[in-house]
Amino acid sequence: AKDEGKNRFMIFETRMHEQLLSRLDQEARLREAVHRGELRLYLQPVAGVPDGRMYGAEALVRWQDPQRGLQQPGSFIPLAEETGMIIEIDRWILREACRMIRQWQDLNPRTAPAFVSVNLSAAHLEQPDLTQQVEVALAETGLSPHCLVLELTETVLMRDVAVTSARLEELRRIGVKIAIDDFGTGYSSLGYLRDIPVDVLKIDRSFINGLVGNGRQQELVSAVIQLGHTLGLRVVAEGVEESDQLALLTVMGCKFAQGYYLGRPEPAATLYERLNDRALT
Ligand code: C2E
Ligand code: CA
Ligand code: CA
Ligand code: CA
């Protein structure tokens, strides 16, 4: 029994060791990913309701890992956030997204998204030079600030209301728009809608999920849409996967939606080619 215990401990220790090594390994490879050009810009349409036409697009990161293939953000964003690498990743995505949309607007203004939405993590809001970073990306790519939306989750926005408000005011002063991402999942009070300056409210997909056949859920989503509109915000419903959901949202007066039913995230160049019948030069 004593040996068994010792054995079990050794197995445990070995596994911990392996996990640590694999974490360090992944950390090192993620660090290299940015420099080796392994990150990919994906875009998902934000569509008008009910016509379904692309109005804007959300930038989503992917990692083309030479060892493991295409990685979804869920498999590397948490590590990137822990290690601070998210700053560099987000800066890359910001620049790529601005560059791509500006190029698209130049080449074919008729099909180009009117705005691009970029996700920022908590670490970014803490950077004192965030506004300058954004200004540099806009200046270097030539994208109009009015075409850029920065998405932040409720939880991130709530961390320090005073600091957040000041930083967001700065960004809005240069013409950039701010979106609350995953609205409704943060368990926070509505007071911050009054205190934090935002332009766009994105209703989390968990509220759209069970919409069909659930009267209470419909009342709730309908009320959130009204609230957003009353506050002068653009409201986007996330995670629309079927036509019945879109029909309900139309009746509720929702003007924008995003989800697999309206378009999946795809490589920026592929989306461009599909909508313009030609490759990017
Ligand atoms: P998010 O910002 O809420 O992005 C929307 C996520 O929902 C995307 O997942 C998208 O593919 C997925 N989605 C869109 N429509 C549907 C639908 O109809 N049904 C379902 N089930 N899912 C849908 P993705 O690309 O895997 O990204 C996951 C999360 O990772 C994002 O959630 C965001 O929080 C984070 N993320 C992605 N790209 C970036 C980035 O460049 N920077 C930062 N900081 N975070 C990012
Ligand atoms: Ca988002
Ligand atoms: Ca979201
Ligand atoms: Ca999210």
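The values are calculated or read from the model by the stated rules, or taken from the named source; none is laboratory data. Please read these numbers as outputs of a predicted model, since none were measured by experiment. Please note: Cβ atoms are built from the backbone with ideal geometry, for glycine as well, and neighbour counts cover all protein chains shown. Only protein heavy atoms, including side chains, enter the accessible area calculation; ligands, DNA and RNA are left aside. Shrake-Rupley method; radii C 1.70, N 1.55, O 1.52, S 1.80 Å.
Determine, yes or no, whether GLU13 is among the charged types (D, E, K, R) and more than 15 Å from ligand 1 (Cβ to nearest atom). Let's see the steps before the verdict.
Values: among the charged types (D, E, K, R): yes; more than 15 Å from ligand 1 (Cβ to nearest atom): yes.
Taking the combined requirement at face value, the residue satisfies it.
Quick one: in region 131-159, which of the residues that are of a type in the set (Asp, Glu) and surrounded by 14 or more Cβ atoms within 10 Å (Cβ to Cβ) is farthest from ligand 2 (Cβ to nearest atom)? If you could, list the steps in order and put the result at the bottom.
First pass over region 131-159, keeping only residues of a type in the set (Asp, Glu): 135, 140, 151, 154.
Pick out the ones that are also surrounded by 14 or more Cβ atoms within 10 Å (Cβ to Cβ) and you get 135, 151, 154.
Details: GLU135: 22, GLU151: 4, GLU154: 12 Å.
Looking at the filtered set, the residue picked out is GLU135.
I'd like to know if region 123-130 contains one or more residues that are modelled with pLDDT under 95, surrounded by fewer than 19 Cβ atoms within 10 Å (Cβ to Cβ), under 15 Å from the mean Cα position of the chain (by Cα) and among the small types (Gly, Ala, Ser). Among the residues of region 123-130, at least one is modelled with pLDDT under 95, surrounded by fewer than 19 Cβ atoms within 10 Å (Cβ to Cβ), under 15 Å from the mean Cα position of the chain (by Cα) and among the small types (Gly, Ala, Ser), which makes the answer yes.
Checked against the criterion of being on the phi > 0 side of the Ramachandran plot and in contact (Cβ under 8 Å) with a residue 40 or more places away in the chain, the candidates GLY184, GLY175 yield just one match: GLY184. Of all residues in region 115-135, which are closer than 20 Å to ALA57 by Cα, within 16 Å of ligand 4 (Cβ to nearest atom) and outside any strand (DSSP E or B)? Those that are closer than 20 Å to ALA57 by Cα, within 16 Å of ligand 4 (Cβ to nearest atom) and outside any strand (DSSP E or B): LEU120, SER121. If you go through region 194-206 and keep only what is more than 11 Å from ligand 3 (Cβ to nearest atom) and either open to solvent by 20 Å² or more (accessible area, probe 1.4 Å) or at pLDDT below 85 (or both), you end up with ARG194, ASP195, ASP199.
Sort through ALA257, ALA268, ALA237, ALA223 and tell me the only one that's farther than 22 Å from THR164 by Cα, aliphatic (A, V, I, L, M) and surrounded by fewer than 13 Cβ atoms within 10 Å (Cβ to Cβ). Walk me through it before giving the result.
Working: ALA257 fails: surrounded by fewer than 13 Cβ atoms within 10 Å (Cβ to Cβ); ALA268 fails: surrounded by fewer than 13 Cβ atoms within 10 Å (Cβ to Cβ); ALA237 fails: surrounded by fewer than 13 Cβ atoms within 10 Å (Cβ to Cβ).
Result: ALA223 is the single residue among ALA257, ALA268, ALA237, ALA223 that is farther than 22 Å from THR164 by Cα, aliphatic (A, V, I, L, M) and surrounded by fewer than 13 Cβ atoms within 10 Å (Cβ to Cβ).
The numbered conditions (1) open to solvent by less than 30 Å² (accessible area, probe 1.4 Å); (2) outside any helix (DSSP H, G or I); (3) not charged (D, E, K, R) are all true for GLY228 except (2).
Taking first residues from region 120-147 that are at negative phi and partners that are at pLDDT below 90 and open to solvent by 10 Å² or more (accessible area, probe 1.4 Å), the Cβ contacts under 6 Å between residues at least 6 apart in sequence or on separate chains come to ALA122/VAL156. Here's a check for you: in region 55-70, which residue that is surrounded by fewer than 21 Cβ atoms within 10 Å (Cβ to Cβ) and away from ligand 2 (no atom under 16 Å from the Cβ) is nearest to GLN258 (Cα to Cα)? Here the answer is LEU70.
GLU96 - would you say it is without any contact (Cβ under 8 Å) to a residue 40 or more places away in the chain, more than 21 Å from VAL240 (Cβ to Cβ) and more than 16 Å from ligand 3 (Cβ to nearest atom)? Please lay out each step first, then the result.
Working: without any contact (Cβ under 8 Å) to a residue 40 or more places away in the chain: no; more than 21 Å from VAL240 (Cβ to Cβ): yes; more than 16 Å from ligand 3 (Cβ to nearest atom): yes.
For GLU96, the condition - without any contact (Cβ under 8 Å) to a residue 40 or more places away in the chain, more than 21 Å from VAL240 (Cβ to Cβ) and more than 16 Å from ligand 3 (Cβ to nearest atom) - is not met.
Of the helices (runs of 4 or more DSSP H) lying entirely inside region 136-214, those containing at least 2 residues that are within 16 Å of ligand 4 (Cβ to nearest atom) are 154-158, 205-209.
Would you mention how many residues in region 46-70 are of a type in the set (D, E, K, R), more than 21 Å from ILE225 (Cβ to Cβ) and at pLDDT below 95?
First, pick out the residues of region 46-70 that are of a type in the set (D, E, K, R): 51, 53, 58, 62, 65, 68.
Restricting the remaining residues to those that are more than 21 Å from ILE225 (Cβ to Cβ) gives 62, 65, 68.
Restricting the remaining residues to those that are at pLDDT below 95 gives 65, 68.
Qualifying residue count, region 46-70: 2.
For the criterion of being modelled with pLDDT of 95 or more, open to solvent by 30 Å² or more (accessible area, probe 1.4 Å) and more than 18 Å from the chain's Cα centre (by Cα), ARG216 passes. Just so you know, in region 136-193 the residues that are within 14 Å of ligand 3 (Cβ to nearest atom) and of a type in the set (S, T, N, Q) include one that is farthest from ARG95 (Cα to Cα), and it is THR185.
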